[in-house]
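> Below you will find the structure I want to go over with you.
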Amino acid sequence: MRSFILFVALLCVSVFADDDLFQSSGAFSAKKGGISSRSSAALQPSFSEVPVDSTYILGPGDFLDLMLEDNYLSLQVYPDGSVAIEECGAVVVGGKTLAEARELILDLAAKRYKRDQCFVQLAALKKFKVNAMGAISMVGQQLVEPQTRLSYFLRQVGGLLPTANKENIMVIRDKDTLHIDYSAMYMKGNFEDDIMLKQGDKVFVPFVEISDNVSLIFPGFRTSVAYQEGRTLQEYFDLAGGARMQNYGYKAVCVREPGQAPRWITIAEMKQTKVAPNTEVEFTVQDMLVYVGGAVNYIGRHPYDPSWHAIDYVAASGINTISGTWNQIRVWRGKNPEALKLSVTEDQIMPGDYIEIPKSHYESFKDFTLFLASLLTVVSSAFIIYVNYNR
């Protein structure tokens, strides 16, 4: 029984000794041959896009590795910017460069250790929070990894809203405001604008003003871009991120400017087309048709081509100049079709139009006389039958 009690007592002592040993990771034994201490956070991998040099600014959350003679220690920069070494004291390194902090820490350690046998290095970079507002999916504070660039941060907050002004993203840093053209960054590869965020940065993404914009309508998606005088439709398309969207095989573009009738252009004409503020630009993927009938060789429908006029459709249908006439061509348009008298060489044809090529006056007169001749034949035949029957 006594042996069992003694065994239990020794087991408890060993357990408490182990606990004291593990808990000592936050403190360092200054005795020669003492236990080296490493923080679990410092042992985590630290990823860096570019090497961190001596100009790096230390702040709360950074981890430093210290070699003090034959002992090893990890230190975390406290929220007040200080670090402490047991039996040596504390020193403030927050806001200092890595080179400046290294000298301060070595001076502090020299109170107990040989300075030429001490070494300080950066073990893990601090994480920090960035406040983001404006036309983004997730507003508010976001935790940011060290060496995070603006483009990655914007994806981290869920991306930009369709109404975001991508040409003037503001990064407020101390008393300065950096204006970033995000569109030029990802469309033209302006990598120098993809800055790394720093602790204390604030990001604001402005909205496109409602009064002056150009709306672009894609299949199942609508967005807008801030209007700027002199821009072409191709530039608006690029700014809206159209090149990054699924290409559904656009057939044509419908341009609806304020106070003007809609007009259709080809995709190739976007590079030369400029529009007014508050214009709607719709990209269509439907097969658009124009119908041709009357005095033509091939009555039917033709694929819509924004560059074609009535004369082109009539020529494609093969007008019969003997029975048809050019100067009386009419176009029927709308849900309740009305006949429009248009110039066959200048006025634009719209999808769904019906082009009618009337017969010439001679053909119409010939048809009328043939009708009268047929009618007289029927009447005379009926009269002869009537007279013969009454006899």
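> Counting only the heavy atoms of the protein chains, how much of residue 181 is accessible to a 1.4 Å probe, in Å² to the nearest 10?
Accessible area of residue 181: about 50 Å².
> Full-extension gain between residue 181 and residue 260, please, as 0.36 nm times their residue separation minus the C-alpha to C-alpha distance.
Additional length available on full extension: 25.2 nm.
> Using the Cβ atoms and a cut-off under 14 Å, what net charge is assigned to the surroundings of residue 135, where Lys and Arg are +1 and Asp and Glu are -1?
-1
> Around residue 258, under 14 Å between beta carbons, what's the net of Lys plus Arg minus Asp minus Glu among the other residues?
For residues surrounding residue 258, the net value is -1.
> Oh, and also: Taking 1 over the mean of 1/r across every pair of different Cα atoms in the range 192-335, what Kirkwood radius in Å do you get?
18.4 Å
> Moving on to the next point. For residue 307 and residue 195, FRET efficiency with R0 = 35 Å and r from the beta-carbon atoms, rounded to 0.05?
After rounding, the FRET efficiency stands at 0.20.
> How big is the accessible area of residue 279 in square angstrom, nearest 10, if you roll a 1.4 angstrom probe over the protein chains?
Counting only protein heavy atoms, the figure is 0 Å².
> Return the loop-located trypsin sites (Lys or Arg not before Pro) in the range 89-141 (DSSP other than H, G, I, E, B) with at most 12 other Cβ atoms within 10 Å of their own Cβ; answer none if there are none.
Here the trypsin sites (Lys or Arg not before Pro) that fit, given the DSSP loop and packing criteria, are 111, 114.
> May I ask you to list the GluC sites (Glu not before Pro) in the range 266-295 that are in a DSSP loop and have at most 15 other Cβ atoms within 10 Å of their Cβ?
none
> So between residue 57 and residue 343, what do we pick up on full extension, going 0.36 nm a residue minus the alpha carbon distance?
Full-extension gain reported as 95.7 nm.
> May I ask for the net charge around residue 58, where only other residues with Cβ less than 9 Å from the Cβ of residue 58 are counted and Lys, Arg are +1 while Asp, Glu are -1?
The answer is 0.
> Quick one: accessible surface of residue 308, probe radius 1.4 Å, all protein chains present, in square angstrom to the nearest 10.
Here the accessible area works out near 80 Å².
> Compute the FRET efficiency between residue 87 and residue 229 as 1/(1 + (r/R0)^6), taking r as their Cβ-Cβ distance and R0 = 56 Å, and round to the nearest 0.05.
0.20
> With 22 Å as the limit, write out which pairs from 274/341; 188/271; 175/202; 126/198 have Cα-Cα distances beyond it, or answer none.
Long pairs (Cα-Cα over 22 Å): 274/341.
> Compute the FRET efficiency between residue 111 and residue 48 as 1/(1 + (r/R0)^6), taking r as their Cβ-Cβ distance and R0 = 35 Å, and round to the nearest 0.05.
For R0 = 35 Å, the calculated efficiency reads 0.60.
The values are calculated or read from the model by the stated rules, or taken from the named source; none is laboratory data. In this text the structure is predicted, and so the values were computed from the model without any measurement. For neighbour counting, all protein chains shown are included, and Cβ atoms are generated from backbone atoms with ideal geometry for every residue, glycine included. These area figures cover heavy atoms from the full protein model, side chains too; ligands, DNA and RNA do not enter into them. Shrake-Rupley method; radii C 1.70, N 1.55, O 1.52, S 1.80 Å.
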